[in-house]
1. Identify, please: which residue in region 142-159 is of a type in the set (Gly, Ala, Ser) and under 26 Å from the mean Cα position of the chain (by Cα) and is, among those, least open to solvent (accessible area, probe 1.4 Å)?
2. What number of residues in region 88-113 are open to solvent by 20 Å² or more (accessible area, probe 1.4 Å) and closer than 18 Å to LEU167 by Cβ?
3. Out of the helices (runs of 4 or more DSSP H) lying entirely within region 57-130, which hold 1 or more residues that are of a type in the set (S, T, N, Q) and in contact with a helix residue (DSSP H, G or I) (Cβ under 9 Å, 6 or more places away or on another chain)?
4. Go through the residues of region 61-69 one by one and say whether even a single one is under 18 Å from TRP129 (Cα atoms), open to solvent by 60 Å² or more (accessible area, probe 1.4 Å), aromatic (Phe, Trp, Tyr) and modelled with pLDDT of 85 or more.
5. Using the structure shown, decide if THR33 is in a helix (DSSP H, G or I), within 20 Å of THR169 (Cβ to Cβ) and open to solvent by less than 60 Å² (accessible area, probe 1.4 Å).
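The values are calculated or read from the model by the stated rules, or taken from the named source; none is laboratory data. All figures in this text were calculated on a predicted structure; none of them were measured in a lab. Methodologically, a virtual Cβ is constructed for each residue, glycine included, from the backbone with ideal geometry; neighbour enumeration extends over all protein chains shown. Quick note on the areas: whole protein, heavy atoms, side chains included, nothing else; ligands and nucleic acids left out. Shrake-Rupley method; radii C 1.70, N 1.55, O 1.52, S 1.80 Å.
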Amino acid sequence: MLALFSCAAVAEAFRLSSLSTLSSADVWWHFSTGLWMIHNHSVPHTGLHSQFANTAWNAPEWGYDLLLALGYRLWGLRFIPALLMCFRVALAVVTFILAGALRRNFWPAVVLSAVAQYVLAGGDAGPIWCSILLFGIELLLLIASRRSGSTRVLFWLPVLFLVWANLDTR
């Protein structure tokens, strides 16, 4: 199992470290909006990258834009593929736990986690990864509350939704 995971991790790291992860126009749009926010210390209220620059605009994914720009400031362009790798690892862990890996369903959990990675393999680094990951965390919280019979864990949901609403609005 360790050898299989290591081979998959090396192949994925090689694929993600290539320049193909930087080819999406969506990544650059979020990146430049984040840099604008750092330089101007505010969230844009007009369409920065639009032919209608004077019309009102809402920046619903401003948290993700800022995350990309701050990551670039700290680590350069290698942050974008590294962020995508982190999202993929976190998604693998969440799907592994959701599939029941902690309840002695190890192999079905491995299969579900592998299927999730395969289905989302072509995705670029974007705010949709935040939604997928935070939805998985929401499910984990709901399952934990149901199993324990306690609502205490549900108090984390407003915090989760607050973060989610500023990272991706899908």
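1. Of everything passing the filter in region 142-159, SER145 is least open to solvent (accessible area, probe 1.4 Å).
2. 2
3. Correct list: 79-98, 106-119.
4. Yes, region 61-69 contains a residue that is under 18 Å from TRP129 (Cα atoms), open to solvent by 60 Å² or more (accessible area, probe 1.4 Å), aromatic (Phe, Trp, Tyr) and modelled with pLDDT of 85 or more.
5. Judged against the criteria, THR33 is a match.
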